Structures are given as C-alpha cells and as structure tokens.
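A short reminder: the numbers here are calculations on the coordinates, not readings from a lab. For clarity, every value in this text was computed on a predicted model and none was experimentally measured. Heads up, the Cβs are rebuilt from the backbone with ideal geometry, glycines too, and the neighbour counts pull from every protein chain shown.
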Amino acid sequence: MKKRLACSLSLLLVLTVTLTCILAASADSPDSPDKILKIGYCEGESYYEFNYALYNIIYGLEEYGLITELPEGMPVESDSRVIWKWICSQNQEDWKVRFVEDAFFSLTDSEFSQMEESDIVKYIDQKITSSGIGLMISMGTTAGLTAKALPSVTPMMCFAAADPVKSGIVANAQQSDTPNVWAQVDVDGFRRTIRVMYDIFRPEKIGTVYANSEDAYIYSGVDVLDEFAQENNIEVIREFVEDPETPEEYDEYLNNLKSAYEKLAKEIDVFVLTTSLVEEEDFKDILQPFYDAKVPVYSINSTDDVKFGALMAAESADYKNVGRFGADMIKRFINGEELETLPQIYQTAPFLVINYDVARKIGYRPPFNMLLSANKIYIDNSD
C-alpha cells in the first residue's frame, strides 16, 4: 500500500512539474497574449525616407497579424516623430508589439547637441532599459551604429543605411553574423543608380558635395561613385560642406553649400547630389548655379529631390515592400529566430523620375523613350 501510494505521489509530482513547464513555456511563447515585444526607435535625423520606411513597417506588421484593427489616417507626410506619436496613441492592447512613446530618439534633437557620442549611447541605453524595450528600430547609418553600441546589447534592426557592411553595422550582407543585430541590405544600390546616370549623360567630369568625414564618404555613396568613376575614366570634382548640427547652423550651411555649387557649376558636366539637408522651400534657390550653367543635377539621394528641383533621379527604394520585408523579419524574431541568422538582402530595379520643368530650364530634351519609361514626371507650369 505504501509502495503504491509513493508511486502515485511520484507520478503526481512528475505531472505537476510537467504541467508547470508547459504553462511557463506557453507564457513565453510568441503566440501567447502575454508575450508583448516592446519597440523603440532611433534615427540619425529627420528624413523623408525614414518616415516612409517606418510607415510601411507598421502596415507590414498589420499585414502579418502583429497589429490588429489599425485605423486609417497615419500621417505619412509628417516626420517620423509624428508617426511615432500617432501609433503610440492607438489602442495597442491586443497587439503583439507595443510602441513605446518615450523610446523615440532623433540624434539631432537639441538634448543631444552638447553631449559626447558615448554619453548619448549611455543615455539612450538607460531609457530603453527602464522601458523594457525588446527591439530597437534604427533608421540610417548613424542611428544604426548608435543602436549597435548600446551596452545592454538590445536587439536592433536597421533600415535605410547606405551600406551597412562597409559602415560596420553588420559583418556580412546575406546574414549579419553579429549577435542581436540585423540590417536591411541593398547590394549595389548606389552602383545601379550611378550606372543609369552614366548611360544617360556620359559625363567626363562629375561634381559632388558631402561632409569631410569617412562616415559621410560611405553613407553618401561617394565611395561607390569614386569606384565607378575610376572604372570609366571619369573625373570627380568634390567640395566639402559640413552638415548643420543645430537649427542655428542651417543658414551657414546653405551659404556654404551655395558657394560650393557656384564653384562646381563652372567645371563639371553633371552634378551628382548625394546627400542634402536643404529644406524644400530652399531647394530651387540653392540649385540656381547649376540652372544658370545648364548643368544637369542627378540625385542618388532621393526621388523627392526631383520634385523639389533636381533634374532626374533613379532610385531603387521600394518602401512598401521593404516595410513588408522588415515586418516579416520582426515576426520571425518574435517567433524565436535570432536576428543574426535572418536574411538581410532586399533589392529592386531602379525607377526613373524626371522634372520636365527643370529640363526645359536648362535646355535638356529627354529622349521620347526615356519619357515613356519614366515612373514619374514632374511638370510645374507655375514658373
């Protein structure tokens, strides 16, 4: 009898332990309603590409079922901060991700202007640790490197970085092989857009402007431009203009930029716009030296530059599908896969955008087949 009772008690103990383990595993499962991934956000600056990327990641998360009943009206035309506040204001109770309002960081904010880089990293790390952030979404090269440097080694996914491998955000293109780090990679994206420029204009001398630093050389794509130019016997003439670190430095930035443009316009066949912090209302005025010299302005920075006053751009950014791709990787991360093992490469063919009004202004006549193949043509008849 005692033996039978002991066996029964042992069996009961085993069943109790097993049930406890099952319940614990269920509570930790990504499919459990108690398992919520808290998300933070970091960007190097306010930039339209970051807005579109964040906007489409959010809708991708809805498509994959991590967000439910997302209302219409997300303000995509605003900056990322407005989008973040909007998504944080929604009822996130039934979502499998949680956007944390206090975990939004823009590295050009005034609170960081007097801080050393190491202090910025510590500050962000303390904030996200106290908020229980389980994943940081970073936008751009600077933010990607900042998020990677967090002492807490909080998992980080980086989007819209010019070259995550060369900049050191990840070790490899296919998979990051860097614990808790993932970055969306567009292999040869700059080279594809530069090739389009070369095939159209066949320039002998190209001008470009960027900040005089190794980081700027990479994230602006000038490293790729130099490689391409060397292969095709093109001379690259460059000027250096430092980016403004505070709003008070913006006017000085504009003046320096215009001086550089005036100098280059006299020497080059095509100006390649790599990066720009120029506000929309200042764009046409700042490009006037190129209009006067009948020099085409070709952007490898953004197709929005064409809307504002550049002649042409070819861009390979497919924001909707990049957002869907990123959301899929977030879902796989929630389901237990390690970030460093997830695929990173997503790329599309470049699409061409032309400002026909600017073409008329500088006396450039786009071939008919180019106009037919263009994805978008801006015509401003107000000038």
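Overview of results
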| quantity | calculated |
| --- | --- |
| Sequence ranges 50-61, 361-372, ranked by mean other-Cβ count within 10 angstrom, highest first | 50-61, 361-372 |
| Charge context of VAL236, other residues only, Cβ under 9 angstrom, K/R +1, D/E -1 | 0 |
| Whole-Hz couplings from phi, Karplus 6.51/-1.76/1.60, listed for the range 165-178; x for Gly and Pro | 6, 4, 7, x, 5, 10, 7, 9, 7, 5, 9, 5, 6, 10 |
| Inter-probe distance in nm under a simple model that places probes 7 Å from Cα toward Cβ, at THR68 and ASP269 | 6.0 nm |
| Pairwise label distance in nanometres, GLU262 with VAL153, each label 7 Å out on the Cα-Cβ vector | 5.4 nm |
| Options (i) 30, 59, 10, 0; (ii) 26, 51, 17, 4, 2, 0; (iii) 26, 60, 14, 0 - which one matches P(r) over Cα pairs in 20 Å bins from 0, in percent as calculated here | (ii) |
| Charge dipole magnitude, Cβ of K and R +1, D and E -1 - the range 198-304, Cα centre, debye nearest 20 | 680 debye |
| Lys/Arg +1, Asp/Glu -1 at C-beta; the chain dipole; positive extreme among PRO296, PHE351, TYR210 | PHE351 |
| Chain lengthening between ILE377 and THR348 when straightened (0.36 nm per residue, less Cα-Cα) | 8.4 nm |
| Dipole magnitude of the chain, debye to nearest 20 (Cβ charges: Lys/Arg +1, Asp/Glu -1, about Cα centre) | 1880 debye |
| The chain - share of DSSP beta bridges that are antiparallel (%, nearest 5) | 10 percent |
| Potential extension, GLU116-ARG360 segment - 0.36 nm per residue separation minus Cα distance | 83.1 nm |
| Rough spin-label spacing in nm, given labels placed 7 Å along Cα→Cβ, for VAL82 and GLU281 | 1.5 nm |
| Above-threshold pairs, the threshold being 28 Å between Cα atoms, out of LYS35/LYS85; LYS166/LYS361; LYS127/LYS320; LYS263/LYS284; LYS35/LYS127; LYS127/LYS307 | LYS166/LYS361; LYS127/LYS320; LYS127/LYS307 |
| Computed over the range 201-248: relative contact order in percent, which uses C-alpha pairs under 8 Å that are six or more apart | 54 percent |
